[in-house]
Amino acid sequence: MFDTVLEFTYRLISGLGSLTGAAFAIVLFTLAVRLLLLPLSVRQAKAQKARLRLAPEVEALRKRFARDPERLMRETSKLYAAGGTSMFAGIMPGLAQAPFLMVTYRMFVSATIAGHPNLLLAQSALGVPLGEHFAAVIAGSGLFSLPALVFLALFAVLAVLAWVTWRRMGDVRPRALRLMPFGTILVAAFLPLAAGLYLLVSTAWTAAERAILYPKAA
């Protein structure tokens, strides 16, 4: 089943790439994925707003059960459930994207797809093959080569978008969830350029969603 999805996606991006170029085809594919997931994002935004409304009651529970973490977790979960939300409100869109990102990754690390040569590996963005990795670029061309600078520019834009998203997340619990936007930088460092491009467009979409759907953090 996974191979069937991979082949379909490959043919879709190849078809778009013949008209727009492979890099822009990935951008269009990412936008289509995020549009498909938009209803889930709207639902999660509503849950997040409910969680914010419950913040004073959650803080009271923290003070009451400060010395009993297990009881605090149970009572907090009950409170969120009664309010129609959860402690992890807002992360489902990201989890739902994982299969799409995996397909994009496989598409640019597989030499063959459905028994045929993977012609997308020969495509490039700004002169860098879409199947190239940052480590391979550093090893082959050095840190200050043009391919490396393309990756570093990608990381820099991801960092800015992560910071924008982080600023709007507010008092998310557990607090470690606030660091999730910055994880895209680390992930992109180990993925092919094509998958990094997917992350870039998707992260920009997430930042725009938070600006529109979520209340501004105090």
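Coordinate-derived values only; no laboratory data. All figures in this text were calculated on a predicted structure; none of them were measured in a lab. Cβ: placed from backbone, ideal geometry, glycine included. Neighbour counts: every protein chain shown.
How do 54-65, 201-212 rank on mean C-beta neighbours within 10 Å, highest first?
Working: 54-65: 13.4, 201-212: 18.8.
By packing density, highest mean first, the sequence is 201-212, 54-65.
How many Lys pairs in the chain lie less than 20 angstrom apart by Cα atoms, where the lysines are 8 or more positions apart or on different chains?
On the way: 46/78; 46/216; 49/78; 49/216; 63/78.
Pairs that pass both the separation and distance tests number 5.
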Along the charge dipole of the chain, pointing to its positive end and built from +1/-1 on Cβ of Lys, Arg, Asp and Glu, which listed residue (77, 143, 95) has its Cα farthest out? 77
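May I ask you to work out the translational diffusion coefficient for the chain at 20 °C, viscosity 1.002 mPa s, via Stokes-Einstein with Rh from the Kirkwood sum over Cα pairs, reported in whole µm²/s? Write out the running numbers ahead of the final one.
Details: Rh = 19.2 Å.
Rounded to a whole number, D works out at 112 µm²/s.
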Rounded to the nearest 20 Debye, what is the dipole magnitude of the chain about its Cα centre when Lys and Arg each give +1 and Asp and Glu each give -1 at the C-beta? 1200
